[in-house]
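The values are calculated or read from the model by the stated rules, or taken from the named source; none is laboratory data. Note that this is a predicted model, so its numbers are computed, not measured. Note that we place each Cβ from the backbone using ideal geometry, even for glycine, and neighbour counts take in every protein chain shown.
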Amino acid sequence: MKALLFERSLSRFAVARLASSVAPGSGARVGPLRLADVEPPALPGPGWHQLRPRLAGICGSDLATVDARSSRWFEPIVSFPFVPGHEVVGDLEDGRRVVLEPVLACAARDIVPPCPACARGENGSCERIAFGCLQPGLQTGYCADTGGGWSGSLVAHDSQLHTVPEGMSDEAAVMVEPAACAVHAVGAAAITDTDTVVVLGAGTLGLCTVAAVRHLAEPRAVIASAKHPEQRRLATGFGAGAVAAPSEVRRAVRRHTGSLAVDGRLTGGADVVIDCVGSEASLADALAVVRPRGTVVLVGMPGPVNVDLTPLWQREIRLVGSYAYRHTTFATAFELVASAQLERLVSALYPLEEWRTALDHAVHSGRRGAVKIAFDLRQGPRPTRKAVTTH
Amino acid sequence: MSRPGFVLDVDRSTPPLLFWHGEKFRMERLPAGSRVVYPPEPVKALDDPDAAIRDALLNPIGDSAPLPALLEPGMRLTICFDDISLPLPPMRRPDVRQRVIEAVLDLAADAGVDDVVLIAALALHRRMTEAELRHALGDRVYDAFAPSGQLTQLDAEDPEAMMHLGTTDRGEDVEISKRAATSDLVVYVNINLVAMDGGHKSVATGLASYRSLKHHHNVATMLKSRSFMDQHHSELHSSNWRMGRHIAASGIKVFQIETTLNTDTFPEQFSFLQRREWEWGAKDRATFLGVSRSLDRTPARLARSIFQGIKSPHRMASVQAGEVEAVHKLTTENLYRQQLVEVQGQTDVLMMGLPYISPYNVNSIMNPILVACLGLGYFFNLYRGKPLVREGGVLILRHPTPWAFHPVHHPSYIDFFEEVLAETTDPLKIEADFEERFATDPWYIHLYRTSYAYHGVHPFYMWYWCAHAMAHLGAVIVVGGDVKAVRRMGFKPASTLQDALEMASDVVGRDPSITYLHAPPLLMADVK
């Protein structure tokens, strides 16, 4: 079958990093990712199924991987070669249409008893993501044993599957995983009805987060930062009361919170800031616009960044990471996708063969008025399933 | 005898005409048949302005005793004066305010008046710096009053410094400086550069708070002021007159001193600006070429600094003192005499070259909102009778309109431009949805009171000033402006005047009448 394969190649990795530092997205042309003919992955054991992707989204973390901009933190918790793609809606052999919950936690790794986090239902915080019956891999899409969504077939465990309701389109279903991230982030933010919430970034995650904030909480005000006109329009449509350009967000928060300022820095600020970018600049903005003792939730995947943490200390700011979700988060995510009509964020679908064009579109999606770019794998022959094997 | 204003019909022999373009100049050849409205030449200045001032104080107009008769020991005397927004450009020393205030203080000293306070009538404008106050008042006045705290600047956000005097018969709140309201005599020292200035507007606006100002600084008032340079057809003035009469009825005695300046606006190195192009001599042409080419190569910041350093040679042309309305009537007559130019009929397309300065960017940056206000507010309203451009016509402005703001002077302008105009350019919607939040923002209030910032609501007033023009015009085109800034304001950008005329033809047809308002120096079109 055809699959986009990401191999361990230090030289290509270095070239991709260099190229992408000049032109973001160019890692797709020179980096370790290539379209290959591969065997569909073997089923790792009981409870595993072959999953044939229908749509597989391209996520910001995927783009960082392709451009070799990901943190080295991930090195021990991924295994090569892997097939990227963790935002997946696909078909099981029994005909069920499912959304993949990509986290490879204790249940999928056949670890008994489960780790304390998994025992609490907090799959995203699994303490065994490099152990058990699978090679290391925090998620499907970063594990050599499972395959990934950017292919004709992958394997998925019972614990990773969520049945798509009747009537929900594939475009809506492929938005469930990012929506689950947003739902999880809003939970971490513990928003009250007197809060002013700032959402930094208006890509897929940012827009889903704005929608999730409005769906799950009733804050006093929601302010979003958005670079591009279409993002502004969508953020407003999802319920942001004010939308500012990234360069304007500090002044916008000052206005809306009635804060004073000292030498350009706010003395007050927003109660909650949800950073859906994860860059050095966005983190600095987050720390600059959150009020003393406020909360910054980091949802966008950061890399190594250089940020002055003095305000965090002096203003007793709570910095909270938000990665993935609980298994139960998906039920809420399905509701959010349906109620906010998140399928409208799917801007373009590409066949796997046009992967370079697709990745280029995804890298420049904001500028080109797009949000979510995905691979459309509904056409073409279905790959053959291998016999069940055990590790 | 100076020559009056003049309307030139452009023909093939007409040379290219000078347009202001911010801190630069552009020469443009206009289509044959276009009209050019030139300002009158400067009227003769007073030979002895100090004597004229003294004469005005001793021989007041209207129902007022001479100033010495109003002064007595033990009284509270408050002298208010116009702020940095007048005159434009700032005049060479001695400023007319210095001359007048020194004369008033001499009389007060002669009368044994000790309790004297000077107030810069800022309303919601930014505070003046020490250098600006020294320039306006002279070192002698500054050094005598500033150290003891007797030279003050209105703080309209200090509840202890303001006094509510009730409402007019139309329910308009009248709240002015408490010091002025509790004085035995208020002397207001005015500079009347345009017909909008002075009269009851001096005290009712210059010494007022937001609570009071919002009754006439609003969109409805602007739409009913046609124009706000014509007192008898201006709701802005009607409201101020009601307030002024209410102030008088409250027992507050105002002795008004109004001055007019001639339009000898620019110094010798810019003498070509005071002449009509076809009358330029070799020296004018050489000066223009030298200045223009140098400015084209000068970085914007340096060019701004050069122009903001200009001190105008304009001189006092008249001074009148006494009862407010009688004084203002005569002032307006004097002003009209030196600024009115009779123009027959309206035009389809009106063109203006906007200079580097407006009332609100002295020693500052002419940000896009001020560009709009100067063009659609002040210059558009320089008419009596009917607008120079017909309803549905096109206004073409020339100005670089940079996306640049002075961070200290105009903090709320930045937010207005970024947030408000990004959402809507409709003055009524802006007023309804945003004004109160900006006006009561504690940060803007803090900066207004303690720094050198215009009040949070000030950019709204600038936008309201444009409301009449916006409602009247079919399109506004800005030539040579920053494209994004121009579009943010809802206007159309054009690269050249020819492009602008081509774009205008979509609105007014292929063969429009064209008029160029050749200012400054200032003029006012008397449209028949």
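Here are the numbers:
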read-out: First in the stretch B:50-75 and at positive phi, second anywhere and at pLDDT 95 or above, Cβ under 7 Å, 6 or more apart; value: B:Gly62/B:Gly322; B:Gly62/B:Glu323; B:Gly62/B:Glu325; B:Gly62/B:Ala326; B:Gly62/B:Val327
read-out: Unique match (being surrounded by 19 or more Cβ atoms within 10 Å (Cβ to Cβ) and more than 24 Å from A:Pro302 (Cα to Cα)) among A:Val99, A:Val174; value: A:Val99
read-out: Test: residue in the stretch B:333-346 that is part of a helix (DSSP H, G or I), hydroxyl-bearing (Ser, Thr, Tyr) and within 14 Å of chain A (Cβ to nearest Cβ); value: no
read-out: The stretch B:350-393, residues that are among the acidic types (Asp, Glu) and touching a strand residue (DSSP E or B) at 6+ places or on another chain (Cβ under 7 Å); value: none
read-out: Scope the stretch A:182-224; condition closer than 13 Å to A:Phe238 by Cβ and among the β-branched types (Val, Ile, Thr); matching residues; value: A:Val186, A:Val197, A:Val199, A:Thr204, A:Thr209, A:Val210, A:Val213, A:Val222, A:Ile223
read-out: Selection count, the stretch A:263-281, where residues are surrounded by fewer than 23 Cβ atoms within 10 Å (Cβ to Cβ), touching a residue at least 12 places away in the same chain (Cβ under 8 Å) and either at negative phi or charged (D, E, K, R) (or both); value: 5
read-out: Candidate set: the stretch B:451-465, residues that are within 15 Å of B:Gln153 (Cα to Cα) and within 13 Å of another protein chain (Cβ to nearest Cβ); chosen: the one nearest to the chain's Cα centre (by Cα); value: B:Ala453
read-out: Candidate set from the stretch B:398-418 (those that are of a type outside the set (A, V, I, L, M, F, W, C) and part of a loop (DSSP other than H, G, I, E, B)); member that is farthest from the other protein chains (Cβ to nearest Cβ); value: B:His399
read-out: The stretch B:233-273: number of residues that are part of a loop (DSSP other than H, G, I, E, B) and either touching a Lys or Arg at 6+ places or on another chain (Cβ under 9 Å) or buried (at least 21 other Cβ atoms within 10 Å of the Cβ) (or both); value: 6
read-out: Condition check for A:Gly268: within 14 Å of chain B (Cβ to nearest Cβ) and touching a helix residue (DSSP H, G or I) at 6+ places or on another chain (Cβ under 8 Å); value: yes
read-out: Elements of type helices (runs of 4 or more DSSP H) contained in the stretch B:161-219, each with 1 or more residues being out of contact with any Phe, Trp or Tyr (no Cβ under 7 Å at 6 or more places or on another chain) and of a type in the set (Ser, Thr, Tyr); value: B:201-206, B:210-213
read-out: Residue count, the stretch B:431-450 (criterion: at the interface with another protein chain (Cβ under 10 Å from one of its Cβ atoms) and loosely packed, with under 15 Cβ neighbours inside 10 Å); value: 2
read-out: Some residue of the stretch A:238-259 being over 23 Å from A:His184 (Cβ atoms), hydrophobic (A, V, I, L, M, F, W, C), within 14 Å of another protein chain (Cβ to nearest Cβ) and touching a Pro at 6+ places or on another chain (Cβ under 7 Å); value: no
read-out: Qualifying residue in the stretch B:66-81 (condition: within 30 Å of B:Phe272 (Cα to Cα) and of a type in the set (A, V, I, L, M)); value: no
read-out: Boolean, A:Val15 is assigned to a strand (DSSP E or B) and of a type in the set (Val, Ile, Thr); value: no
read-out: Qualifying residue in the stretch B:66-88 (condition: touching a Phe, Trp or Tyr at 6+ places or on another chain (Cβ under 7 Å), closer than 30 Å to B:Pro355 by Cα and either of a type in the set (Val, Ile, Thr) or outside any helix (DSSP H, G or I) (or both)); value: yes
read-out: Scan of the stretch B:64-99 for residues that are of a type in the set (A, V, I, L, M, F, W, C) and within 20 Å of the chain's Cα centre (by Cα), ordered by number; value: B:Cys80, B:Phe81, B:Ile84, B:Leu86, B:Leu88, B:Met91, B:Val96
read-out: Any hit, the stretch B:280-287, residues being closer than 30 Å to B:Met128 by Cα, surrounded by 17 or more Cβ atoms within 10 Å (Cβ to Cβ) and not charged (D, E, K, R); value: no
read-out: Any hit, the stretch B:127-143, residues being assigned to a loop (DSSP other than H, G, I, E, B), surrounded by fewer than 18 Cβ atoms within 10 Å (Cβ to Cβ) and not charged (D, E, K, R); value: yes
read-out: Selection count, the stretch B:476-521, where residues are buried (at least 19 other Cβ atoms within 10 Å of the Cβ) and under 28 Å from the mean Cα position of the chain (by Cα); value: 23
read-out: Criterion (within 30 Å of B:Pro90 (Cβ to Cβ) and more than 14 Å from chain A (Cβ to nearest Cβ)) met by exactly one of B:Leu395, B:Leu421, B:Leu428; value: B:Leu395
read-out: Tally of residues being at pLDDT 90 or above and among the polar types (S, T, N, Q) across the stretch A:353-391; value: 2
read-out: The stretch A:294-310, residues that are assigned to a strand (DSSP E or B) and among the hydrophobic types (A, V, I, L, M, F, W, C); value: A:Val296, A:Val297, A:Leu298
